[in-house]
Structures are given as structure tokens and as C-alpha cells.
Amino acid sequence: MSALLEVRDLTVDFAGRPAPRAVDGVALSVAARERLAIVGESGSGKSQLLLACTGLLAANGSARGPVRFEGREILGNARSAAAARGRGIGFVFQDASGSLTPHRRIGDQLVEVAMASAGTGRRAAVDAAVEMLGRVRLAEPASLMARYPHELSGGMRQRVAIALMARPRILFADDPTTALDVTVQADILALLAQLCEDLGMALLIVTHDLGIVAALADRVAVMYAGRVVEVGMAAALLSRPRHPYTAGLLAAVPRLGGRGELATIPGAPPAPGEWFRGCRFAPRCPHRAEHCGVDDPVLAGPAARGVACHFPHTGSDTA
Amino acid sequence: MATIAFVLRRLLGAIPTLALVVALSFLLTRLAPGGPFDEEQVLPPEIRANLEAAYGLDQPVHVQFGRYVGGLLRGDFGPSFKFRDFTVGELIADGLPVSLALGAAAVVVALALGIPAGIVAALARGHAADRAMMTIAIAGISIPVFVVAPLLVLVFGIWLGWLPVAGWVPGRPTDLVLPVVALALSPAAFIARLTRGSLLEVLRAPWIRAARARGLPERVVILRHALPAALLPVVSYAGPAAASVLAGSLVVETLFGLPGMGRHLVQGALNRDYTLVMGMVIVYAALMIALNLLADLACAALDPRTRRERPR
Amino acid sequence: MTGSLWSEVRAALARDRLAITCGAILAVLALAAIAGPSLLDYREDEIDWSHMAAPPFEAAGHWLGTDRLGRDLLVRTLYGLRVSLAIALAATFVSLVIGVAWGAFAGYWRGRTDALMMRFVDVLYALPQVFFVIILTVVFGRGPLTILAAIGAFGWLTMARIVRGQALALRERDFIEAAVVGGAGTARIIARHIVPNLLGPVIVYATLSLPQAILLESFLNFLGIGVQELLASLSNLIADGAAEMETAPWMLAVPATCLMLVVFCINFLGDSLRDALDPRER
């Protein structure tokens, strides 16, 4: 079974001198109905990765590298990317309020999407719109459709934003819950999980919250400084991380009943474009050795479990 | 409904401004050193006193003001001091239709030229078309009406002979073409720049990216999502645009010999005809206020958020 | 902070060749306006009986021709430019002073005083500027001082708004609080701390309002409601030239081109300045 989404050696650069590179040769794949989480700190390039795959980069960014959706190359030109977006790729942004056009009614925006994706007439589109609202568990669709975005609460807006996607086969979610209240976060996550089940969607979710990863993901990819440094099945990776960075991330998660200071990873990630020789994590790595400053490690290992490190952990659980 | 309440509120808000215009104009003209009869041939004191009494100029200021406002409310602007046979009201009515037609046409033309130009420039950002259009726009703003008008007359009226040079024959629409175009160019240039800047700004908004992310065709994104938001500042500009057009109409009417109000106003200004100048200023101000009101309503129609009750 | 602002602006402007060209043209014109009339052969009201209505380059010494009365057009144009520029600069200066003062105090005092002061601005803003200027000239006569006051009376409004916005933002900054707590007087704080940090937008707006002043003054002049004929400014020349347009087009072309060139260049420079100071416009 070929992958639903296949990315090979994707590179994203931005305008400037020197051109800052946000994503540096990333490869990943998502199978149908699979849920892949991408984890990393701010600046790791994870958001840009999502935007690049869907052709939504800002005007001063440029993406290179094959991105195949359902076997078809979509980064070739703007139109193929737009077509793909309409026919199978859904996108949920971090800022829900920012996703809805402020001067148009909710109903109009939903109907518009329904008409564009299915090519139906207005009547059928209105019915589809009601159905879309129902799918995201929003009550009273009729009155909701007459409202404007500024009349809804944050959580409701995010649900509408999710509803606005017309039956995607894969959902790209860029940190969809950080801007929300904690109680609402759980709801939205549950909703996303349910939708994946109901619609048979694959999910590509970017987050820095390992809790979400544990709850939702089948597979995880860890990004650092524009590269994937470790990838594997969620359960295995979270319990037995092989890359020092992953281990550091896991150790930094606060635990109930734990005492003492929170473990942190000292230092900060390099700024995009400030690459240097050798492993990019080396300056912060507690296990760095001579070799790490010389050679850049590549993602290696069995297909389901890759790690980019010269001295990957092979031991048991983290302390 | 909320809309009617909104309209009423705006109307009520406009009244104080109009009242202020009336008061201020009155005050200023009464402050003038000397009176309207100073520049006549030297009059014997008794005759002058009679004249002043006839026009009510011997009363205290506040009484005069009261009488004037009373007259206004009845539609009576008082007599013209210089055109003895006419009242100001008659002169205004005589010129208003032409001035209105001229002004309205100019605003429409300005919008029809400026908005598309701005859109094209924004969509072609960075390319030659954009820079060219914006340079032309700056030129448009820099060339004053009283230069454009003679130039247009020279080119289209004299050299090419396509359009009439001056004059006004009712029912001959070509008479209005040159004046309207001359009047519309500067506002059109400003509107073009405004539209371009506004559209570029809107296109950077996150909800535009979200609309694209939903797979909507680019045409829909621009027309239904970006444009209404981008046009908001342009519509708000209607106020200053009206002022510019009305001011320019003075020049245009003078140059082309159009029988509008502007001609009378200029004459009145040169003759120090107070009631005439005052009356005209009030009418022009009322026109501007009306246009501002329309612009406000259009803004509310474009962006529902402005319709809410909000402390200003 | 102002130091780095200037170097940034200079750098940005230096890259824009059109802006440099405009600046150069303006400098040349300004110099010509100031020094030109004294360097040329003819005086602006001197009538050359033998060369009436002569086209450019034909008559000796009359580089740009003469007008209907035989007066040298180049000198008159330069002199007119001088008058127009002087009035515009003076009026803009008046607007600047009033506007900055008004806006700075309003933003600094905040609260009810601010609301009151800005309400006043709003009210004046709603009045039709040109028409009130006309009333003022009708009432107070047509000397240059009246024109100056009339133009300045409305020009300060937008400046006040801009300055007030900036002052409000600055007021919240720590170093202003420190100065207040330290007991510095209001005027001192405004003069030494607030105003210097406003310079960017103020300069941009002042530059952009210069052409408006020039055009307004020309407009009034053209209608005959402006400065008297003897101190002929550019628009008088343009009005005269328009009358002679068919037979002697240079009488219109010379002063009109001069006016448009000046206004265009100032507008363009002001635009470039604003773009240079606005970080988003890149």
C-alpha cells in the first residue's frame, strides 16, 4: 500500500542574506488513516514543514523537493497545490479566530466550501453545511450559520474551522490547541480523533506537547533545527527514546509526585540558517563526543524506527 | 432593527456638525473688519444706515444669528448683498443641479478608475505594471486640477477637437466629459494607491491563508474574502474625497464656464458677499456630511463588526 | 535611538535611485529659487518691450521665453517658486508646531483632557477645509499672512492626531515613567523625551503635507482669492498661461511643469521616507 502522503528531501528557504533555511532535507510519509505527530521546539521548522507541503508558505518562502499526495506531485505549481487542498487535504491552524473570514457569515463560508469541493448547487450545499456543523458537534446549526465569527467563542470558532474542511483524506493540524483554554483543548483533541475515525482521515499533527502525542499519535517524528532526528512508533519512541534530544524532551515533562528542579535541555536551538559543521544538537548534547563536531549524522535505522545520531541510545527506559 | 437605529444615530450625529458650520461661518463673516458695503462708492451715512437696517445689520449679533437660523430652517438663506435682485436661495437652486451632477459623476469616475487600478497593482506586486501604475498615481496626485483641466482642454478640445472646450448646453452630455475627468483624476490616483495598499495588507491576513487552505479557488479568495475587507478604508476615504471633489469643482466650473454653484461662490468671495458665501458654504458642508454618512453606511454594510454598539 | 533611525533611513533611501533623483531635483530647484533671480539678467517685473510673448530660446537672454507683457518667464517662474515654497514652508511649519504641541500634550495628559482635546480636533476635521479658508480670506483680506494662517489653521489637525497616537504609546514606556517619578516638569519631559522620539512620523507627515500646502495656496490663487498679483506665485503664472494656452503654450508649460515637478518630487520623497521608516513595507 503506497503512502497517502510522501515527502522526500523537502527544503524550505526564506528570502534574506544569507537565506535562512527553515526545513533542511526532511523525508517522511503518512499512510491512510495513520496519525503522525511531529514534535519539536519553536524554530525547529515543524510549522513551515506543514505549510510547505500544502503550498501555503508566505510569499517570501520557497519550498523544494518532491511532495506526493495520493501519488501525485503537488508542489509543481500553485494550481496543483490549490487543487490538492480542495480535494483531500485539510488544514487546521493554530489561531482559530484567524481562520475565519471576519466579514462573512459562518453559513456563507461553509456553503462556499461545500460548493467548491463537491461542485453541488446551493440547496445541496446548505444541507452539506448543516451536516458539517453537526460533525463537529455544534448545536443549533441553523442559528449558527447566520452568525458572524466575532459572535462566537474561541472553542466554537475552532470547531467551525475544523468543520470548514470538506471531507479531507488527510488533516494537517498546526498546533491546533495551544491557543485554547485547557478544558477546551481536550474537547478539540477528542473531536479530531473522532473525525479521523469517522471519516477515515490520516492526521499529521504538529505540536510541542508530548501529552497530545501520547494521546493521539500512532507514529512520531522529532524535529530539531530543520531536520528529523528521530522517528518511530509512538509507544516505542516515548518509552525508549534513542536520540538524546528526544530523551531530553521527555525528561523535561513535569511529573506528578516528582521533586526537585525540572530537567531542562541547556542552551537554545540554532537559528535557521546558522548551520555549522557536525551534528546540530551537539552543543547541547550531554553525550557529545569528538566525532559529533565533525560529521552530520543522517537518519538511519530500520524503516519504522530511524534516528540521526552517531551514538544513539540503545538502552532501556529513561530515568 | 439594528440598521435603522444605526442610521438614525449617524444622522443625529451629523446635526451638531452642521450646526457648527452654520455658527462658525456666521461668526467669521460678522467678525470681518468693515461691512459688505464698504467697497461701494462712498455712500452718504444716512443711505448706508438705511441699507444696513434693511439688511438687518444694525441689530446685535445674536439677534442677527437667530434670524438667520430661523430663515435657514425655512429654506431662506437671506438676500445676496451683491446680486440685489436675487436671494441666496435662488442662486443656490440655480447652480445646485449642475454642481451635483458634476460632483457625483466625478466621484463615480474616480472610484471606477481608481479601484481597479489599485487591485491590478496589488495583484501584480513587484512587477513592472505595479511600479508603473503607482508612479502614474503619484503623478496624478501631484498635478493640480487647475493644471490638468487646461491641459485636457488643450489636448482633447483644441488639438484633437473631440470634445467641447467650454460652455454648457443642457442635454449635451459631452460638455461634462472633460470637466468630470479633470475633477476625477486626482481622487482616482489617491484611491488607486489606497486600494493597492489596503489589498496588500489584507492579503497578508491569516484568514486569507486559511481560505486558500480550504481549497477555494484564488478568484473567490480575492473577490469575496479579500476585496470587501480591503475596500473598507477606500470607502472611508469618501469623506475627504468628497471634499476634494467639491473644492476642485470650484476651479472646474470656473474654467469650463459651467453654471454651477462654484461660479457664484467664487464671485461672492471676490465681492465679499457675505450671505452668498455663507449660504454656499453651508450647502457644500451639508453635501459633504451627506456623503460621509453614505460612506459610513457603506462601511457598515461591508463589515458587520462596525454595526455593533460601540463607545467611540 | 534617533541616531540609528537616521542611518537606517539614509541607507534605505540611498538604495532607491528614484528617491535620490527626486531629492537632487528638489535641491536644484530650491537653489534656483533662492539664488536664481539674482543671477539672471532680468528682473521679474521688468518689461522687455522688444520681446513680448517670445517663445523659449529665441530671444537673447530669455531662456524660457517671455510672457504677454515681455517679462522673462524663467525669472518669474523662479520667483513664483520662491513665493509658493515660502508660503508652503511657513504654513507647514505653523501646522507642525501647533500639531506637535497639541498632540504631544494630549497624548501625555491622557484621560479626559486628551479626549477633550481630540474631540476639538475631530470637530474641526469635519469642517470643509477649502471653504472655510475661502471664508477666512473673504473676511480678513488677501494678504500672505491670511493665507498662511488659513492654511496652517487646518493643516495641524492630522499632525495632532498622528503625534497624539505616538505620544500615547510613548507615555506608557518605562523611561517616561521614570522621568515623571523623578519630578521632571511636564514641558521638560515632553520636550526632551517625547518629541525626539516622534521625529520619524512627524518628518514623514510634514514632508507629505508640504505639497498639500503648495497646492492649496495655488488653488486659492488660481481662483483669484489668494495672494496679490504683484507677489505672483506659480499659480498666478499658470492662470495667465492658461489664458494664452493656444497661442503661447510655453506660458502655461513652464510654470506648470515647475509646480508639478516640485510637488511630485516632494510627494515621492515623502513616500520613500515613509516606506523606509515602516518595517512592514518590505
Checklist entry - Counting Lys +1, Arg +1, Asp -1, Glu -1, what net charge surrounds A:ASP295 among other residues with beta carbon under 13 Å of its beta carbon? => result +1
Checklist entry - What is the helix-to-structure angle for A:182-199, meaning the angle in degrees between its Cα long axis and the longest Cα principal axis of chain A, kept from 0 to 90 and rounded to the nearest 10? => result 80 degrees
Checklist entry - Relative contact order, percent, of the range C:3-281 when contacts are C-alpha pairs under 8 Å separated by at least 6 residues? => result 24 percent
Checklist entry - How would you order B:92-101, C:97-106 from highest to lowest mean count of nearby Cβ atoms within 10 Å? => result C:97-106, B:92-101
Item to check | Which of A:GLU112, C:GLU246 has the fewest Cβ neighbours within 10 Å, and the rest in rising order | outcome: C:GLU246, A:GLU112
Next on the checklist: With a 10 Å cut-off between alpha carbons and a GNM built on chain A, which of A:ASP218, A:ASP174, A:ASP198 moves the most?
Outcome noted: A:ASP198
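Which of rounded, prolate, oblate describes chain C, given a ≥ b ≥ c as roots of the alpha-carbon gyration tensor eigenvalues and a/c under 1.5 marking rounded, otherwise prolate only if a/b is larger than b/c? Please list the in-between numbers first.
On the way: a/c = 2.96, a/b = 1.84, b/c = 1.61.
Prolate, because a/c is 1.5 or more and a/b exceeds b/c.
Shape call for the protein assembly as shown from the C-alpha gyration tensor, a ≥ b ≥ c root eigenvalues: rounded (a/c under 1.5), prolate (a/b greater than b/c) or oblate?
Numbers: a/c = 2.36, a/b = 2.04, b/c = 1.16.
Taking the square roots of the gyration eigenvalues as a ≥ b ≥ c, the protein assembly as shown is prolate.
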Checklist entry - Taking the Cα atoms only, what angle lies between the long axis of helix C:17-39 and the longest principal axis of chain C, rounded to 10 degrees? => result 60 degrees
Item to check | Most mobile listed residue (C:LEU168, C:LEU73, C:LEU157) in chain C, GNM with C-alpha springs under 10 Å | outcome: C:LEU168
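Work through the residues other than A:ILE188 whose Cβ is under 14 Å from its Cβ and net out their charges, Lys, Arg +1 and Asp, Glu -1.
Details: positive: A:ARG135, A:ARG137, A:ARG157, A:ARG159; negative: A:ASP95, A:ASP174, A:ASP175, A:ASP181, A:ASP187, A:ASP209.
Here the count lands on -2.
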Checklist outcome for this item: So the angle from the long Cα axis of helix C:73-109 to the longest Cα principal axis of chain C, reported in degrees to the nearest 10, equals 10 degrees
Checklist entry - In sequence order, what are the phi-derived ³J(HN,Hα) couplings for the range A:26-32 according to the Karplus relation 6.51 cos²θ - 1.76 cosθ + 1.60 with θ = phi - 60°, rounded to whole Hz, with x for glycine and proline? => result 9, 10, 7, 9, 10, 8, 4
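When the dipole is taken about the Cα centre of the range C:3-281, and only Lys, Arg (+1) and Asp, Glu (-1) are charged at their Cβ, what size is it in debye, to the nearest 20?
Working: 20 positive and 24 negative charges, 263 e Å.
Dipole magnitude for the range C:3-281 comes out near 1260 debye.
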Checklist entry - Measuring from centroid to centroid over Cα atoms, what is the spacing of the range A:82-100 and the range C:167-241 in Å? => result 47 Å
Checklist entry - How far apart, in nm, are two points set 7 Å out from the Cα along the Cα-to-Cβ line at A:SER143 and at A:PHE311? => result 6.5 nm
Next on the checklist: Quick check: from the Cα gyration tensor, does the range B:96-259 come out rounded (a/c under 1.5), prolate or oblate?
Outcome noted: prolate
Checklist entry - Under a GNM of chain A (C-alpha, springs under 10 Å), which listed residue has the highest mean-square fluctuation: A:THR183, A:THR101, A:THR207? => result A:THR183
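Readers should treat all values here as calculations from the given coordinates under stated rules, not as data from a laboratory. Keep in mind the model is a prediction, meaning the values are calculated, not measured. Heads up, the Cβs are rebuilt from the backbone with ideal geometry, glycines too, and the neighbour counts pull from every protein chain shown.
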